[in-house]
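So the structure is just underneath, and the comments pick up after that.
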Amino acid sequence: NGVIKIGKFYLKRGLQSLSNSKPIEVVFRDGQIDILQWLLVGEETQFKLEGKNFNLKNLDFTLNGQAELTLLHLFAPFLEDLGGKAEISVAVKGDLLKPEILGSARTKEAYIRVPGLPHPFEKVNSEISFSHTRAMINNAKAQFAGGTINLEGQFEIMGVRDILTNIRASVQGVKLNIPDHILTQGNADLTITGNWFPFTLSGSYHVMGGLIDKEFGDETIENTTKQSIYLPKQLIEASFQPLLLDIQVIMQKNLRMKNSQIDGYLTGALHINGSPSKPSLRGD
């Protein structure tokens with residue numbers, strides 16, 4: 001039993017801001033919850049949360065809104081940068097530990113930069129449909145490293161830390177500079193699967209050309225990235241890995257290699273698996 005009152009809520013990042021014009025109030029009566037006047041407004045941004053007479057075992061509230069993703073970067077501290085527009089309209093029912101969600105969410109011209117990855121994801125347009133415990137990615141496209149990515153798949157909430165995930169990606173015409181001075185271009189068919197972190201990124205990358213001009217014995221550049229103070233504890237742990245690799249790299253055409261010690265071509269196939277930070281290589 002009790003009342004939570006928020007007289008003033010204000011969030012600002014860059015030129016974007018979000019605030020409430022009226023006090024937010026949440027009332028608890030014998031475990032039942034009423035949400036009153038939960039409305040946050042900014043330029044091209046608005047979130048409205050409504051719900052009456054529900055509890056944590058039997059949720060019954062709605063969330064409707066649209067936002068500039070720049071404002072929401074606070075809630076994705078594992079990303080280096082985030083931008084674009086997003087919309088959401090969902091009704092949430094069921095148990096807090098296994099909620100049932102009905103509705104949809106979409107992004108428009110979003111921009112995502114992942115730490116350690118030199119190429120950002122640009123013009124990310126996606127649509128996600130929620131049906132009870134399942135979410136389906138109906139149509140997701142993005143530009144990446146001069147190529148295109150098409151995504152489809154689904155994930156299902158099975159329980160706490162149990163999200164059954166199966167997402168497929170078709171990557172066409174990318175020109176990667178990963179790591180530095182190793183340039184490749186080609187196509188890939190990838191999947192992301194698993195139930196919880198670390199998820200597995202598997203599939204094949206068909207290399208159609210490129211150039212390796214990296215010198216042997218190049219010094220490793222020290223990582224000066226600072227961890228965000230907002231990161232969840234498990235993301236700060238040294239052992240945390242969001243993804244494990246299981247990728248076949250197939251050099252379908254000769255790959256040029258030229259530096260001060262060698263001038264020639266490479267061909268073959270490699271299997272990359274394990275942690276992205278310390279992958280293991282097998283093959284010829």
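So which of Leu72, Leu49, Leu63, Leu59 ends up being under 24 Å from Ser131 (Cβ atoms) and either in contact with a Cys (Cβ under 9 Å, 6 or more places away or on another chain) or not in a strand (DSSP E or B) (or both)?
Leu72
Evaluate the following for Ala142: is it closer than 30 Å to Gln16 by Cα, part of a strand (DSSP E or B) and out of contact with any Phe, Trp or Tyr (no Cβ under 7 Å at 6 or more places or on another chain)?
Here the answer is no, as Ala142 does not meet what is asked.
Determine which member of the set Phe54, Phe61, Phe9, Phe47 is over 18 Å from Val90 (Cα atoms) and either of a type in the set (A, V, I, L, M, F, W, C) or at pLDDT 95 or above (or both).
Exactly one of Phe54, Phe61, Phe9, Phe47 is over 18 Å from Val90 (Cα atoms) and either of a type in the set (A, V, I, L, M, F, W, C) or at pLDDT 95 or above (or both), namely Phe9.
Are there any pairs, at least 6 apart or on different chains, whose C-beta atoms fall under 9 Å, with the first in the stretch 172-198 and free of Cβ contacts under 8 Å to residues at least 24 places away in the same chain and the second outside any strand (DSSP E or B) and open to solvent by 50 Å² or more (accessible area, probe 1.4 Å), and if so, which?
Here the result reads none, with nothing in the stretch 172-198 linked to a residue that is outside any strand (DSSP E or B) and open to solvent by 50 Å² or more (accessible area, probe 1.4 Å).
Kindly provide the set of residues from the stretch 250-268 that are open to solvent by 40 Å² or more (accessible area, probe 1.4 Å), in a strand (DSSP E or B) and either of a type in the set (S, T, N, Q) or in contact (Cβ under 8 Å) with a residue 12 or more places away in the chain (or both), ordered by number.
Ile250, Gln252, Lys253, Asn254, Arg256, Lys258, Leu266, Thr267
Considering each of Leu18, Leu36, Leu74 in turn, give the residue that is surrounded by 12 or more Cβ atoms within 10 Å (Cβ to Cβ), in contact (Cβ under 8 Å) with a residue 12 or more places away in the chain and under 30 Å from Asn177 (Cα atoms).
Result: Leu74 is the single residue among Leu18, Leu36, Leu74 that is surrounded by 12 or more Cβ atoms within 10 Å (Cβ to Cβ), in contact (Cβ under 8 Å) with a residue 12 or more places away in the chain and under 30 Å from Asn177 (Cα atoms).
The values are calculated or read from the model by the stated rules, or taken from the named source; none is laboratory data. All of these numbers come straight from a predicted model, not from anything done at the bench. A quick note on method: Cβ atoms are made from the backbone with ideal geometry, for glycine too, and the neighbour counts reach across all protein chains shown. To get the accessible areas, we keep the full protein, side chains included, count just its heavy atoms, and leave off ligands, DNA and RNA. Shrake-Rupley method; radii C 1.70, N 1.55, O 1.52, S 1.80 Å.
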